[in-house]
Amino acid sequence: MALAGPSSALLSSSSSACLRRLNPLLLSAACRRPAWGQRRAARRFCSVIASEADVFTSPEVAKSFDFANEERIYKWWESQGFFKPNFDRGGDPFVVPMPPPNVTGSLHMGHAMFVTLEDIMVRYFRMKGRPALWIPGTDHAGIATQLVVEKMLAAEGVKRTDLTREEFTKKVWEWKEKYGGTITNQIRRLGASCDWSRERFTLDEQLSRAVVEAFVRLHDKGLIYQGSYLVNWSPNLRTAVSDLEVEYSEEPGNLYFIKYRVAGGTRDDFLTIATTRPETLFGDVAIAVNPEDKRYAQHVGKLAIVPLTCGRHVPIIADWYVDPEFGTGVLKISPGHDHNDYHIARKLGLPILNVMNKDGTLNDVAGLYSGMDRFEAREKLWSDLVETNLAVKKEPYTLRVPRSQRGGEVIEPLISKQWFVTMEPLAEKALRAVEEGQLTILPERFEKIYNHWLTNIKDWCISRQLWWGHRIPVWYIVGKKCEEDYIVARTEEEAFSKAQEKYGKSVEIYQDPDVLDTWFSSALWPFSTLGWPDLSKDDYKHFYPSTVLETGHDILFFWVARMVMMGIEFTGSVPFSYVYLHGLIRDSEGRKMSKTLGNVIDPLDTIKDYGTDALRFTLSLGTAGQDLNLSTERLTSNKAFTNKLWNAGKFLLQNLPDRSDVSAWDFLLANKFDTEASLQKLPLPECWVVTGLHELIDKVSTSYDKFFFGDAAREIYDFFWADFADWYIEASKTRLYHSSDKLAAATAQSVLLYVFENILKLLHPFMPFVTEELWQAFPFRKQALMVTPWPTTDLPKDLRSIKRFQNLQSLIRGIRNVRAEYTVEPAKRISASVVATADVLDYVSKEKQVLALLSKLDVQNVHFTESAPGDANQSVHIVADEGLEAYLPLADMVDVSEEVKRLTKRLSKMQSEYDALVARLNSQSFVEKAPEEIVRGVREKASEAEEKISLTKNRLAFLQSTVST
């Protein structure tokens, strides 16, 4: 409610003018007519409110913050252009490239995590005055998108192969236009303040041009080559997949023990091989044993006969790679179908034999098994081995099965002709960037993982046998061998021109059918989105290199390291100064969220139930790089925090001047307490809370600057809830409701507004919706909260007020504890004698009203003295701090005789319970036979009971002594 000023009939014009000069808050609109200029300002304010009435809701009219209003607030922000970088306040740009989610995706908690953290960064630095640019976009997601569209077509009875490439890609584009915006609309729902006018898609014309340019430059430099090597193959999609896109899962399987006869030996002269994939034996090129394994030393140098191959012979060799402890200690070498065997074969110069087709069926090398599916062939082969007496045994074995991250099928190592990038020279520069401090990885421990991967990096297979993606800019010559004659060009016209120069006017060319790995285009994201390779583009000149790359630690290799390498290679600069890696979101029990476990939490459902702000605040409380367990308890707690903020705003609006009192609001808004003098004039509670706020601003700003977002969130939460809401708001009621001192009331109003406004600013990056709603509820907002300047740091602090108010708090807590111990009725007011040294009494006595209100004392019977009162031996003694004590007369709190009876009865019951616990512990059979945790629990209960008995006896003795007195 607004404070009522004195009636104009009681004040002369001269006294009114004098009071106005001293404190404009002393006169409300009811006692004076505002000047023309003030009336005009008031009308202007009202017109703004009217025009935005459909956007914002005030705590004055709403019981709680309505989550449904979040979308309206977001649209208003966007319509005002707040998401675009603003150079008006100067400063270096703060740029964050958003990790582009798959265009096929829908919102999950991983998205919610990166959106929350990146939005916190962007909103903070925007308020700090830096031109902030958050670049949004989506990834074409080659494999994932092709899978989605193929499934859609299959539901219509159409196979991809029934269509031409052009017809299929047209279908994909149609799907993209219809469904591709789902994920970005959901990201908006999280409050992402990115510049949607700069939204990018990895298949946009300009980004596609950048991809072609990168390929051409790398090839011209000799860093891209073509060759047939062992790759991870997806038989269903019939494409190579990255090593990093293969997930290994432990699954039940079998270990097959097979006889390999030694050539020239007897029927009993054989080696037993243990393998999990017997169907690959047709690709065996050698049998290997450990050089120190004496069991097989006599066979080394001889030949073995591969079963069911019509007598094909392979050498028996010795190699240190073989583990004598695994299986039988004999290893079959199938380099065409196993990565480890492939490296052994390359090292020893062994031939490489492929027995499988692209679709996962066996080829002609497998003889009678040709055309059979790999798993079908496994069962048939084993049956035939049993029948021919070449099978020894089959036993259960836990397999480490490689599966496609996208399609889920079992991946097959397969020799295939692909395009590769030579990574070592690129990796060297990326390693140096971290070593020399050009790039900082947060948390620091991930530097070791980054260094290890780049130090041991393998060449990158960048070609994919798909139809959806960036077509490889390579053209072949009709009638020539692909490996020897090809042309790399930026366009088909350029390729044809080059071909004519080399092969004549009648030459015919055709483009490589493969597309590039999706991660190839993603590796260019920080600069392709800004206009590269056109270095004259304004965005590239203003915003590159970017500032922070924030993403999950699980794609440090997929994406982050590759961006660093490509950024240095093509622009000469590290693409960002910081890499901030967040952890994974797990359920309340620490398990990975999965549909199988049924523990997936949908962010959109969470927003409906708890609000976006509560979800964001919960996610922000994690520690960088560490996984976060998400529970409904945490969400519920932070929803309560949202409500607490709302109720605090409601309290302020009910206790500040009427919005039509322009002069009063001018005073309030001008009072910033940013000087030593203004701080020193404040009473103790006001000085304490303002000092606490100034300390909070410094601590939180430092935490933001260091990307310690969890620390910043906790610091703001604790100050708002514990200091401002629980203590200062309660203390301010003595000025607002229980005092005739209007100057004190006006001061309290100023402090309430000053502190609350700054809390909203500090909290806004975490909880943008409720803070903006509350900000707009207060009159005379010149700017939206999200573009309001960040609070100034290094403001004055009165550290003496911290200690003094802590003493007052200790005294209040002590009195509250005594009231609780003696079960004093909540409404009952009691008397107290406060005993302290002269200097302590000086500041404590000035806050008699606060002490009385918060301790529920009878303000007329609170006495301050330097010595103990005469009835001290009939009072409860409290020591709040050195030099500060209090005495609470027992007679004020309880009927002593009745309390003695109550405690005597209670003590008897407690003693009986204790005796029963001791009897159990003295029973040898109980101690020896009961489970250890049960015995430990009984001991703990006995210890607690003994302590309670002691305390009750002491209190009873004290009460009895006062009765006798």
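What the table shows:
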{"read-out": "Rounded tilt (10° steps) of 492-503 against the dominant C-alpha axis of the chain", "value": "30"}
{"read-out": "From phi via Karplus (6.51, -1.76, 1.60), per-residue ³J(HN,Hα) for region 55-61 in Hz, x at Gly/Pro", "value": "9, 10, 10, 8, x, 5, 10"}
{"read-out": "Length added when fully stretched, Asn647-Glu940, from 0.36 nm per residue minus Cα-Cα", "value": "101.3 nm"}
{"read-out": "Gyration tensor over alpha-carbon atoms, region 747-871, equivalent ellipsoid semi-axes in Å", "value": "39, 18, 12"}
{"read-out": "Calculated FRET efficiency for the pair Glu292/Val386, C-beta based, R₀ 22 Å, to 0.05", "value": "0.10"}
{"read-out": "Residues with amide H under 5 Å from that of Asp514, placed H, sequence gap 5 or more", "value": "Ile472"}
{"read-out": "Extended-chain gain in nm, criterion 0.36 nm per residue less alpha-carbon gap, Glu167 and Lys448", "value": "96.5 nm"}
{"read-out": "Longest exposed-site-free window of the chain, the sites being GluC sites (Glu not before Pro) in a DSSP loop that have at most 16 other C-beta atoms within 10 Å", "value": "590-865"}
{"read-out": "Two-site label geometry, Ile555 and Ala68: point separation in nm, points 7 Å out along Cα→Cβ", "value": "3.5"}
{"read-out": "Low-density loop cleavage sites - chymotrypsin sites (Phe, Trp or Tyr not before Pro) in region 496-543, where at most 15 other Cβ are within 10 Å (DSSP)", "value": "none"}
{"read-out": "Too-long pairs where the Cα-Cα distance tops 30 Å, listed order kept, from Lys608/Lys733; Lys128/Lys672; Lys170/Lys458; Lys672/Lys848; Lys681/Lys782", "value": "Lys608/Lys733; Lys170/Lys458"}
{"read-out": "Residue-normalised accessible area of the chain, expressed per residue, 1.4 Å probe, Å²", "value": "45"}
{"read-out": "Value of D in µm² per second that Stokes-Einstein yields for the chain, Kirkwood Rh from Cα pairs, at 10 °C (1.306 mPa s)", "value": "46"}
{"read-out": "Karplus (6.51, -1.76, 1.60) ³J(HN,Hα), θ = phi - 60°, over region 85-97, in Hz, Gly and Pro reported as x", "value": "x, 10, 8, 4, 9, x, x, 6, x, 10, 10, 10, x"}
{"read-out": "Cα point-scatterer Debye curve for region 581-723, base-10 log of I(q)/I(0) at q = 0.15, 0.17, 0.19 Å⁻¹", "value": "-0.93, -1.08, -1.22"}
{"read-out": "Net +/- balance of residues flanking Gly371 in space, Cβ distance below 14 Å, scoring K and R +1, D and E -1", "value": "-2"}
{"read-out": "Computed magnitude of the charge dipole of the chain (debye, nearest 20; Cβ of K, R +1, Cβ of D, E -1)", "value": "1920"}
{"read-out": "Helical mean residue ellipticity (222 nm; -39500 (n - 2.57) per DSSP H run of 4+; nearest 500) of the chain", "value": "-14000 deg cm²/dmol"}
{"read-out": "Amide H partners (placed H, <5 Å) of Leu255, local residues excluded", "value": "Glu395, Tyr397"}
{"read-out": "Where Rh is the Kirkwood radius over Cα pairs, Rg/Rh for region 731-794", "value": "1.06"}
{"read-out": "Three principal axis lengths of region 799-911 [C-alpha, angstrom, descending]", "value": "49, 27, 26"}
{"read-out": "Ordering of 311-322, 412-423 by packing [mean C-beta count within 10 Å, highest first]", "value": "412-423, 311-322"}
{"read-out": "Dipole axis of region 358-423 (+1 Lys, Arg; -1 Asp, Glu on Cβ), positive-most option in Ser404, Asn389, Met372", "value": "Ser404"}
{"read-out": "Along each principal axis, Cα extent of region 506-597, largest first, Å", "value": "67, 39, 19"}
{"read-out": "Net charge dipole size for region 837-917 [Lys, Arg +1 and Asp, Glu -1 on Cβ; Debye, nearest 20]", "value": "480"}
{"read-out": "For region 240-306, convex hull of alpha carbons as volume per residue, Å³", "value": "156"}
{"read-out": "Which listed pairs, of Lys159/Lys332; Lys75/Lys178; Lys302/Lys481; Lys639/Lys941; Lys644/Lys909, have C-alpha distances above 31 Å, in listed order", "value": "Lys159/Lys332; Lys302/Lys481; Lys639/Lys941; Lys644/Lys909"}
{"read-out": "Region 273-293 and region 681-743: distance between their alpha carbon centers, rounded to Å", "value": "72"}
{"read-out": "Potential lengthening between Arg267 and Glu494 on full extension [0.36 nm per residue; Cα-Cα distance subtracted]", "value": "75.1 nm"}
{"read-out": "Peptide ranges 217-228, 650-661 listed from the most packed, as the mean C-beta count within 10 angstrom indicates", "value": "650-661, 217-228"}
{"read-out": "For Ile415, residues with placed amide H under 5 Å, excluding near neighbours", "value": "Val231"}
{"read-out": "Carbon and sulfur %, accessible surface of the chain computed with the full protein complex present, 1.4 Å", "value": "50"}
{"read-out": "Residues Glu913 and Ala784, FRET efficiency given R0 of 45 Å [Cβ-Cβ distance, rounded to 0.05]", "value": "0.15"}
{"read-out": "Burial order of peptide ranges 83-96, 457-470 (average beta-carbon count within 10 Å, highest first)", "value": "457-470, 83-96"}
{"read-out": "C-alpha long axis of helix 70-79 to longest principal axis of the chain, angle in °", "value": "80"}
{"read-out": "³J(HN,Hα) computed for each position of region 782-799 - Karplus, 6.51 cos²θ - 1.76 cosθ + 1.60, integer Hz, glycine/proline x", "value": "7, 9, 5, 4, 5, 10, 6, x, 5, x, 5, 9, 6, 7, x, 9, 10, 5"}
{"read-out": "Under 14 Å, Cβ to Cβ, from Lys259 - net charge with Lys/Arg +1 and Asp/Glu -1", "value": "0"}
{"read-out": "FRET efficiency for Glu882 and Ser58, using Cβ-Cβ distance with R0 set to 51 Å, rounded to 0.05", "value": "0.60"}
{"read-out": "Distance histogram for region 188-339 (every C-alpha pair counted, 10 angstrom bins, percent rounded to whole numbers)", "value": "9, 25, 23, 16, 12, 10, 5, 1"}
{"read-out": "Spatial separation of Cα centroids for region 917-965 and region 355-410, in angstrom", "value": "69"}
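The values are calculated or read from the model by the stated rules, or taken from the named source; none is laboratory data. All figures in this text were calculated on a predicted structure; none of them were measured in a lab. No Cβ is skipped: glycine too gets one built from the backbone with ideal geometry, and neighbour counts run over all protein chains shown. Note: areas computed on protein heavy atoms with side chains; ligands, DNA, RNA excluded. Shrake-Rupley method; radii C 1.70, N 1.55, O 1.52, S 1.80 Å.
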